[in-house]
Amino acid sequence: MDRDVFLARVGQSAMTAHLPEALAVPDRLPDLDFEDLQALFRERAQDVDAVVHGAVGRHGVPRAVAGIAAGHHCRSFMAWEDLPASGVASALTAMGLERVKGEVPIDARIEHQMEYRELDLGITGATVGLAESGSVVLDHGPGRPRMASLVPEVHVALLDLTLIERTLAHWAHRRPEAVADSANLVIVTGPSRTGDIEQQLTLGVHGPKHVHIVLMK
């Protein structure tokens with residue numbers, strides 16, 4: 001089929017198509033058996049090769065993150081501006097790590113992005129933890145660059161113990177405004193995984209090779 005004819009048909013169909021009615025949101029989710037969500041989250045996160053630390057007090061978070069950086073021999077880092085624990089960035093710079101900015105300058109975009117090739121460590125907060133999958137949900141926006149969790153070999157997510165829900169559905173049902181108001185939610189479930197035709201999994205090809213979750217109390 002001629003390319004122009006094909007695109008014209010697609011465009012015409014897109015203009016005349018009717019979306020089905022959205023399913024009604026239930027007033028409540030089905031009752032499930034009781035689970036210790038903190039214990040379940042830790043177990044499931046470890047099942048997908050994430051390393052779980054703590055819980056530690058917020059004053060101990062900088063030391064915990066510094067220990068992770070030292071263990072991976074990190075030399076540079078990128079961090080969210082509004083991390084849920086203070087002092088993390090200053091602790092890393094005191095160790096000699098170089099901080100890479102997440103904002104990309106318009107007049108030097110390529111040069112700045114080339115720095116990401118040497119970025120070792122990314123530190124983010126976490127909006128919620130999902131116990132049944134061991135995932136963390138990241139809400140990106142100004143001061144919360146996506147690059148911090150996508151580019152470095154090591155990603156550290158800081159998660160408050162009180163922000164653990166059973167599943168994504170439970171969180172979205174309880175906090176629908178958090179979903180509706182966000183322009184970019186990312187769900188991280190352990191390190192990046194890539195499988196080949198022989199079903200051999202390789203970690204870290206399309207994202208972090210190591211994911212650490214620091215639980216805060």
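Derivation of every value follows stated rules applied to the coordinates shown; laboratory data play no part. In this text, all values refer to a predicted model and were calculated from it rather than measured experimentally. For neighbour counting, all protein chains shown are included, and Cβ atoms are generated from backbone atoms with ideal geometry for every residue, glycine included.
Result for the chain in a Gaussian network model with C-alpha springs under 10 Å: among LEU97, LEU29, LEU119, the largest mean-square fluctuation is at LEU29. In the elastic network of the chain, a GNM with C-alpha springs shorter than 10 Å, the most mobile of PRO145, PRO30, PRO176 is PRO30.
Within the set of other residues whose C-beta is less than 14 Å from the C-beta of SER133, count the net charge using Lys and Arg as +1 and Asp and Glu as -1.
Around SER133, the surrounding residues sum to -2.
The ranking of ILE213, ILE187 by Cβ neighbour count inside 10 Å, starting from the fewest, reads ILE187, ILE213.
For GLY190, neighbours were defined as the other residues whose beta-carbon sits under 15 Å from its Cβ, and their charges (Lys and Arg +1, Asp and Glu -1) total -1.
Other residues within the sphere of radius under 15 Å centred on the Cβ of LEU119, judged by their own Cβ, net out at -1 (K and R +1, D and E -1). The ranking of ASP120, ASP107 by Cβ neighbour count inside 10 Å, starting from the fewest, reads ASP107, ASP120. Of the residues PHE41, PHE34, PHE77, PHE6, the one with the fewest other Cβ atoms within 10 Å heads the list, and the complete ranking is PHE34, PHE6, PHE77, PHE41.
Binning all Cα-Cα separations of the chain at 10 Å, short to long from zero, yields these whole-percent fractions: 8, 28, 29, 20, 11, 4, 0. Along the chain, the exposed loop sites are GluC sites (Glu not before Pro) outside DSSP states H, G, I, E and B with at most 16 other Cβ atoms within 10 Å, and the longest stretch free of them is 104-197.
Placing unit charges on the Cβ atoms of the charged side chains and taking the dipole of the chain about its Cα centre, the candidate lying farthest along the positive direction among GLY122, THR202, GLN38 is GLY122.
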